[in-house]
1. Exactly one condition in (1) open to solvent by 70 Å² or more (accessible area, probe 1.4 Å); (2) under 22 Å from R154 (Cα atoms); (3) touching a helix residue (DSSP H, G or I) at 6+ places or on another chain (Cβ under 9 Å) is not met by L270; state its number.
2. Could you please let me know if L221 is within 24 Å of V33 (Cα to Cα), surrounded by fewer than 23 Cβ atoms within 10 Å (Cβ to Cβ) and at pLDDT below 95?
3. Report, by residue number, each residue of region 62-81 that is open to solvent by 60 Å² or more (accessible area, probe 1.4 Å) and of a type in the set (G, A, S).
4. Can you confirm whether I36 is in contact with a Leu (Cβ under 7 Å, 6 or more places away or on another chain), surrounded by 17 or more Cβ atoms within 10 Å (Cβ to Cβ) and in a helix (DSSP H, G or I)?
5. Name the one entry in T45, T27 that is surrounded by fewer than 18 Cβ atoms within 10 Å (Cβ to Cβ), touching a residue at least 40 places away in the same chain (Cβ under 8 Å) and not basic (K, R).
6. Which one of these is over 17 Å from the mean Cα position of the chain (by Cα), in contact (Cβ under 8 Å) with a residue 24 or more places away in the chain and surrounded by fewer than 20 Cβ atoms within 10 Å (Cβ to Cβ): G145, G153?
7. Which residue pairs have Cβ atoms closer than 6 Å, lie 6 or more positions apart in sequence or on different chains, and pair a first residue in region 258-272 that is closer than 21 Å to F132 by Cβ and without any contact (Cβ under 8 Å) to a residue 40 or more places away in the chain with a second residue that is assigned to a helix (DSSP H, G or I) and open to solvent by less than 40 Å² (accessible area, probe 1.4 Å)?
Amino acid sequence: MKQRIVLALGGNALGKGLAEQMKAVHTTASVIVDLIEEGHELVITHGNGPQVGMIHQAFEAAAHTPAHSPVLPMSVCVALSQGYIGYDLQNAIREMLLKRGIHKCVTSLITQVRVDADDPAFLQPNKPIGSFLPQEKAEALAAQGIAVKQDAGRGWRRVVASPEPKEIVEIEAIRALLAAGVVPVTIGGGGIPVVAEGELLKGASAVIDKDRASAILARDLNADMLIILTAVEKVAINFNTPQQRGLDHLTAAEARRYIAQGQFAPGSMLPKVEAALTFAASRPGRKTLITLLERAKDGIAGVTGTIISG
């Protein structure tokens, strides 16, 4: 059955650098085109954690050269990441569509997402960006006043504010692209964070969680399903213990209970489950699938993955 699906790609679908990304997007494109071949109407979103960190660090390093290049605001770094990830992604999808004899346009849309200027998240940076850091480097950055934090026990990373997404600014453009039969790649990296000052949209020093923004997008597009692709096949409770158990299905009530128990890591699975809940609970019949990229097709068929429903 044809469904409108918002497909949120995780970092593992994009690689961690230019060469890795160019290779990874071809695998990702194959999965996406599998779903298009089945008749589904897709909207593609993606993360940018490694990429936006790389861009920010590059301009930071350039500021210390004789050229004294300006350090770019985080909102501009997100915009740059949308462009270069979207470029690789749309070309890989286009190539795969043509190889299978499907003539369908794919385009990337530079997308802004409005946040509240007084969101308390601006006072507590917690969104990891860039690559993992050795402890010595993390301590040196902290001494310079740069926020760093352990990321789900995997190592140290720089962190920035992650305010709640309130509005997809270009939502009407996305609807128009869908109506025209185009596959949109949008809200890259969670969208360019902006705050409204009258009619002016001003960039904010933040990175919006891609899964939370994707949930808002799916809701506002009246999608049938949100798919959050990640590095595990199923959501699990008692993770990394002998009692670990993968979950096939979660009701909203069960998901909230597990969240209250602290079952999901704040820097890893928790925001994904919370985003899944946001969409699934927004209207009866909506559901979110969390699974591996390569198991997306099986997940839609109910063979694997974790389904969260209202």
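The values are calculated or read from the model by the stated rules, or taken from the named source; none is laboratory data. None of the values given here were measured: they were computed from a predicted structure. Positions of Cβ are backbone-derived with ideal geometry, glycine not excepted, and every protein chain shown enters the neighbour counts. What goes into the accessible areas is simple: the full protein's heavy atoms, side chains included, and nothing from ligands, DNA or RNA. Shrake-Rupley method; radii C 1.70, N 1.55, O 1.52, S 1.80 Å.
1. (1)
2. Details: within 24 Å of V33 (Cα to Cα): yes; surrounded by fewer than 23 Cβ atoms within 10 Å (Cβ to Cβ): yes; at pLDDT below 95: no.
No, not satisfied.
3. A67
4. Details: in contact with a Leu (Cβ under 7 Å, 6 or more places away or on another chain): yes; surrounded by 17 or more Cβ atoms within 10 Å (Cβ to Cβ): yes; in a helix (DSSP H, G or I): yes.
So I36 passes the test.
5. On the way: T45 fails: surrounded by fewer than 18 Cβ atoms within 10 Å (Cβ to Cβ).
From the options T45, T27, the qualifying one is T27.
6. Numbers: G145 fails: in contact (Cβ under 8 Å) with a residue 24 or more places away in the chain.
It is G153.
7. F264/L270; F264/V273
For every residue, the table says whether it meets (1) farther than 27 Å from G101 by Cα; (2) open to solvent by 10 Å² or more (accessible area, probe 1.4 Å); (3) in contact with a Gly (Cβ under 7 Å, 6 or more places away or on another chain); (4) not in a helix (DSSP H, G or I).
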| site | (1), (2), (3), (4) |
| --- | --- |
| I5 | no, no, no, yes |
| K23 | no, yes, yes, no |
| I32 | no, no, no, no |
| V52 | yes, no, yes, no |
| F59 | yes, yes, no, no |
